[in-house]
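The values are calculated or read from the model by the stated rules, or taken from the named source; none is laboratory data. Computed from a predicted structure; not experimentally measured. When we count neighbours, we look across all protein chains shown, and the Cβ atoms used for this are built from the backbone with ideal geometry, even at glycine. Quick note on the areas: whole protein, heavy atoms, side chains included, nothing else; ligands and nucleic acids left out. Shrake-Rupley method; radii C 1.70, N 1.55, O 1.52, S 1.80 Å.
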Amino acid sequence: MQTFQHYIGGAFHTAETQFESRDPATGEVWAMMPEAREADVEAAVQAAEDAFFSPDWAGMTASSRGKLLLRLADLISENAPKLAELETRDTGKIIRETSAQIAYVAEYYRYYAGIADKIEGAHLPIDKPDMEVWLRREPVGVVAAIVPWNSQLFLSAVKIGPALAAGCTVVLKASEEGPAPMLEFARIFDQAGFPPGVLNVITGFGPTCGAVLTSHPKVAHVAFTGGPGTARAIVRNSAENLASTSLELGGKSPFIVFEDADLDSAVNAQVSGIFAATGQSCVAGSRLVVSAKIKDEFVARLKEKAEAVAIGNPQDMATEVGPLCTAAQSAHAQGLVAKSVACGAKLVTGGQPMMRPGHYFPPTILDCDGAENPPCLTQEFFGPVLSVTSFETEAEAVQIANDTAYGLASGVFTRDLTRAHRMIRAIRAGIVWVNTYRAVSPIAPFGGHGLSGHGREGGLQAALDYTKVKAVWLRTSDDPIPDPFVMR
Ligand code: NAD
């Protein structure tokens, strides 16, 4: 049985309370995790604040911060197999995905290493002859970063990378589901040579850890990824201190296929769009919106692929779909499928948890044409369940695509260039992928609107969002300032 520790103020600590972590592939307890409560959160925030004001960090040049981030990126690359193995073990995300994703996580740190000394101020052409006015960009302060279980190393990189590039310090709360990769990441971070307290990694539960962290008066910004319900609680908590927030939430993203699309590519993109990460992906293309002219053929091809997927041990490189992270996720998917079927949705394939140890739920397709408001069209499964709706006209495709309270991602498959442009304008989402799906890069911003949250991660702007502008006024005249109480 492995035991993990918190990382606070540059040292590893055993928490007073521990909790069990289960292997999603077997349902067995495999490790003990430290549980952060109020005192641990307090220590982590204090360490982050001390580091923020310490000469070692506050006085470090931006170029040196960049060099440390580069060193961290190299260490992540060196340790990628170990991190991938741990993430797979603790969350059930398949090894072929964790291996590829963690290799790419290093690129996010490399990108923000390069950004560190490119966060520039500005000189203003002020309307007064004897004044110089310029803007300094300064780090916002202590950042609370909170992530869910899926892709924690990736979701934390898009927070830690830009925050440290900007000169902030961070308390990262890993998810209580599968925190092992983040706690191991702390060991790697420790070797990179940052001053103590620049990053602190803890884990714990929402009410006793997350809520304490996000309502802490010394936290200047909360960077959150998770569900909309938790986001509301976080905004309420952070409002007490007027901390700023960036919220990366869920989605019910449309995947729109026109009859002129390259169907081989569209089928493959839809399969990975919904079944990759066993559907536990915020950008999952969970609503197929398909032309009625090709619906039957398209769904038949998806069904064939869904039923041929290799489901199995997530540590096996041949596995294509692994278990869901928790038993609760599996029960949630089962319940939503049943409710949708009761509303008239037709089960094309899947729909029931698999009869084997672990939290296995098979690729599932629901045909929603003719159904009466099935919840599968509006509620996020965060599981491998695809809902299908067909359309007759382009206008109808747009109407169905936008019929959601979310607005994170979308996909459009068509060979018609002018139609593609019309769709790009019409779709309300933070990302539109045309003839592709799921592509991400540190260079491109990522985020949504509506119930999908606000703020963007990735790109230069994300680093600027961890800064605040200070306006500096300098009087250049040597003439004495006149006495304001002597009338002239
Ligand atoms: P969740 O909101 O339940 O939990 C996320 C994190 O918030 C966890 O670390 C949890 O401990 C913490 N938390 C819970 N209550 C809290 C509170 N009161 N105060 C502070 N922190 C609290 O989300 P989940 O179910 O673990 O994850 C799935 C959700 O995350 C889905 O909705 C998914 O779409 C979303 N997600 C979004 C993105 C994105 O980038 N947009 C990426 C991945 C996942």
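Listed values, structure above:
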item	result
Given (1) polar (S, T, N, Q); (2) within 12 Å of the ligand (Cβ to nearest atom); (3) more than 23 Å from residue 144 (Cα to Cα), index of the condition residue 452 fails	(3)
Meets criteria (at pLDDT 95 or above, open to solvent by 20 Å² or more (accessible area, probe 1.4 Å), among the hydroxyl-bearing types (Ser, Thr, Tyr) and away from the ligand (no atom under 16 Å from the Cβ)) for residue 291	no
Single residue of the range 409-449 satisfying the filter (at positive phi and either surrounded by 17 or more Cβ atoms within 10 Å (Cβ to Cβ) or without any contact (Cβ under 8 Å) to a residue 60 or more places away in the chain (or both)) that is nearest to the ligand (Cβ to nearest atom)	447
Test set (1) in contact (Cβ under 8 Å) with a residue 12 or more places away in the chain; (2) more than 16 Å from the ligand (Cβ to nearest atom) - residue 158 fails condition number	(2)
Selected residue [more than 13 Å from the ligand (Cβ to nearest atom) and touching a helix residue (DSSP H, G or I) at 6+ places or on another chain (Cβ under 8 Å)] from 196, 228	196
Answer from 253, 238 - the residue that is of a type in the set (Gly, Ala, Ser), within 13 Å of the ligand (Cβ to nearest atom) and touching a Gly at 6+ places or on another chain (Cβ under 7 Å)	253
Residue within the range 184-191 that is surrounded by 24 or more Cβ atoms within 10 Å (Cβ to Cβ) and within 14 Å of the ligand (Cβ to nearest atom) present	no
Selection from the range 374-398 of residues that are part of a strand (DSSP E or B) and hydroxyl-bearing (Ser, Thr, Tyr)	387, 389, 390
The range 100-134, residues that are assigned to a strand (DSSP E or B) and either touching a Gly at 6+ places or on another chain (Cβ under 9 Å) or over 14 Å from residue 472 (Cβ atoms) (or both)	134
Odd one out for residue 371 among (1) part of a loop (DSSP other than H, G, I, E, B); (2) open to solvent by 60 Å² or more (accessible area, probe 1.4 Å)	(2)
Residue in the range 374-384 that is without any contact (Cβ under 8 Å) to a residue 60 or more places away in the chain, away from the ligand (no atom under 16 Å from the Cβ) and open to solvent by 30 Å² or more (accessible area, probe 1.4 Å) present	no
Enumeration of residues in the range 114-151 that are of a type in the set (Val, Ile, Thr) and open to solvent by 40 Å² or more (accessible area, probe 1.4 Å)	126
Options 297, 248, 259; residue that is among the acidic types (Asp, Glu) and within 15 Å of the ligand (Cβ to nearest atom)	248
Close pairs (6 angstrom Cβ cut-off, 6 or more residues apart or separate chains): free of Cβ contacts under 8 Å to residues at least 60 places away in the same chain and more than 13 Å from residue 169 (Cβ to Cβ) in the range 197-217, open to solvent by 10 Å² or more (accessible area, probe 1.4 Å) and not small (Gly, Ala, Ser) anywhere	211/237; 215/237; 215/240; 217/241
Positions within the range 211-225 being assigned to a loop (DSSP other than H, G, I, E, B) and more than 9 Å from the ligand (Cβ to nearest atom), in sequence order	216, 217, 218
Unique match (being more than 9 Å from the ligand (Cβ to nearest atom), touching a Lys or Arg at 6+ places or on another chain (Cβ under 8 Å) and closer than 30 Å to residue 328 by Cα) among 208, 203	208
Unmet requirement for residue 355, which otherwise passes all of (1) in contact with a Cys (Cβ under 9 Å, 6 or more places away or on another chain); (2) not in a strand (DSSP E or B)	(1)
Scope the range 22-38; condition within 26 Å of residue 215 (Cβ to Cβ) and open to solvent by less than 80 Å² (accessible area, probe 1.4 Å); matching residues	33, 34, 35, 36
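Matching residues to (1) under 29 Å from the mean Cα position of the chain (by Cα); (2) surrounded by fewer than 17 Cβ atoms within 10 Å (Cβ to Cβ); (3) at pLDDT 95 or above; (4) closer than 18 Å to residue 361 by Cβ:
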| residue | (1), (2), (3), (4) |
| --- | --- |
| 258 | no, no, yes, no |
| 266 | yes, no, yes, no |
| 273 | yes, no, yes, yes |
| 299 | no, no, yes, no |
| 323 | yes, no, no, yes |
| 336 | yes, no, yes, yes |
| 340 | yes, no, yes, yes |
